[in-house]
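A.B. asks: One structure, as structure tokens, below. Some questions next.
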Amino acid sequence: MENRHYPQPGEKWQHYKGGQYEIVCMCNHTETNEILVIYKSLSFGGFHARPYSEWHEKVREEQTQSHPSIKIAIYRFVRM
């Protein structure tokens, strides 16, 4: 994983499929001690948890129309 921004409470992030979310907090899983991101859907109000290790995952690459030889990385979440 690249050195990317650590999500902070109150920040807004967008999922690559379009959903928008607000960071609630970061916490550790009680049994595995894995770092989790707790976030809330801005559309529906539901709460979710995702391992921080997955937060900045590259989900795919897309070619640009103007320069087909150049690919753009699409990440799971981007800060708004």
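A.B. asks: Give the residues of region 1-24 that are exposed (fewer than 12 other Cβ atoms within 10 Å of the Cβ) and modelled with pLDDT of 95 or more, sorted by residue number.
C.D. replies: GLN8, PRO9, GLY10
A.B. asks: Let me ask something additional. Name the pairs whose Cβ atoms lie under 6 Å apart, with the first residue in region 51-80 and within 19 Å of LYS12 (Cα to Cα), the second assigned to a helix (DSSP H, G or I), and 6 or more positions between them or separate chains?
C.D. replies: PHE77/TRP55
A.B. asks: Looking at this structure, is SER43 among the small types (Gly, Ala, Ser) and at pLDDT below 90?
C.D. replies: no
A.B. asks: Kindly list the number of the only condition in (1) under 15 Å from LYS12 (Cα atoms); (2) in contact with a strand residue (DSSP E or B) (Cβ under 8 Å, 6 or more places away or on another chain); (3) not polar (S, T, N, Q) that fails for PHE44.
C.D. replies: Just one mismatch for PHE44, condition (2).
A.B. asks: Still on this model: Just one of GLU54, GLU34 is out of contact with any helix residue (DSSP H, G or I) (no Cβ under 9 Å at 6 or more places or on another chain) and at pLDDT 90 or above; which is it? Write out each step before concluding.
C.D. replies: Details: GLU34 fails: out of contact with any helix residue (DSSP H, G or I) (no Cβ under 9 Å at 6 or more places or on another chain).
Selected residue: GLU54, the only one of GLU54, GLU34 that is out of contact with any helix residue (DSSP H, G or I) (no Cβ under 9 Å at 6 or more places or on another chain) and at pLDDT 90 or above.
A.B. asks: Can you say whether ILE70 is surrounded by 12 or more Cβ atoms within 10 Å (Cβ to Cβ) and modelled with pLDDT under 95, as far as the supplied structure shows?
C.D. replies: Against the criterion (surrounded by 12 or more Cβ atoms within 10 Å (Cβ to Cβ) and modelled with pLDDT under 95), ILE70 does not qualify.
A.B. asks: Could you figure out which of (1) surrounded by fewer than 15 Cβ atoms within 10 Å (Cβ to Cβ); (2) touching a Pro at 6+ places or on another chain (Cβ under 6 Å) isn't true of VAL37?
C.D. replies: (1)
The values are calculated or read from the model by the stated rules, or taken from the named source; none is laboratory data. Since this is a predicted model, take the numbers as computed values, not measurements. Heads up, the Cβs are rebuilt from the backbone with ideal geometry, glycines too, and the neighbour counts pull from every protein chain shown.
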